[in-house]
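A quick write-up on the structure given underneath.
What follows draws every value from the coordinates through simple rules; no lab data is involved. Note that the coordinates shown come from a computational prediction; the quantities given were computed from them, not determined experimentally. FYI the Cβ positions are ideal-geometry reconstructions off the backbone, even for glycines, and counts take in every protein chain you see.
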Amino acid sequence: MDIPPISVVETQLMLGQIHLDHGRLQDAFMMFEAAARSGEPRAVNMLGRAYERGWGTACNPAAAAMYFHEAAYAGDPWAAFNLADLYMAGRGVTGDPDRACDLYVMAARGGVAKALTMLGLLAEDGTCAVLSRQSARLFFHAAAMGGDCWGALNLGRLHLAAGNGPAATHWIRMALEHGFSDVFRAIIHLLDGVTDPALRLLATQAAVRLDYARPRHATG
């Protein structure tokens, strides 16, 4: 089977990510900026991320919002998600939860499971007028089924609050299996004081994974 050639933009994005992973932020910025000149939505989104996070350039949320907007409406769902986050935080744009809600919907329709979790949180808090509080569990369930560990954790949290220990255990275990340090911390906090043995075991496992995830320093 013939393997299609990797485009110049794809190569620039991969190099940018490699530089980013190794802490070479200015080199990463140069690659993302070069890739974005093509107008390719994923590349424009990554340039927006560089300005949002200050990767190799001055942090500039307004510039990030401009690039996210361009990429989102050119079809990149992660750009829609990132722009929604800026509207939620009021960074680089005027805070607007309803606008953020619309963008999370756009991102979710594009396959970003994490956007479903955000819609669940907006529904639960009553932040967005078009979402009912009753829909929060459905959003969290859809996010969890889409592979988002935060969706699984929030679904477990709702079951825990409702007194359904087995369901809470199932979803929190899923969050643990697919999570990372911030998720492990959230699990430990959520289960603090819980006496159910199955849930206590998950809290212990989360603490072990969190400890293992901490960077080790040479002593010799």
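The table below lists the values:
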item: The chain: most fluctuating residue of ASN60, ASN154, ASN45 per GNM, C-alpha cutoff 10 Å; result: ASN60
item: Additional length obtainable on full extension of the chain from ALA58 to ARG37, 0.36 nm per residue less Cα span; result: 5.6 nm
item: Free-standing Cys residues across the chain, given no other cysteine C-beta under 4.7 angstrom; result: CYS59, CYS149
item: GNM top mover of PHE180, PHE29, PHE81 - the chain, alpha-carbon springs below 10 Å; result: PHE180
item: Cβ-based charge dipole, segment 73-217, positive-most Cα from ALA129, LEU119, VAL194; result: VAL194
item: Fluctuation leader among ALA43, ALA198, ALA115 - the chain, Gaussian network, Cα springs under 10 angstrom; result: ALA198
item: Extension gain, ALA167 back to ALA207 (0.36 nm per residue minus Cα-Cα distance, nm); result: 12.3 nm
item: Cβ-placed point charges (K, R +1; D, E -1), dipole of segment 80-170 about Cα centre in debye, nearest 20; result: 160 debye
item: Percentage relative contact order, the chain, counting C-alpha pairs under 8 Å, at least six apart; result: 9 percent
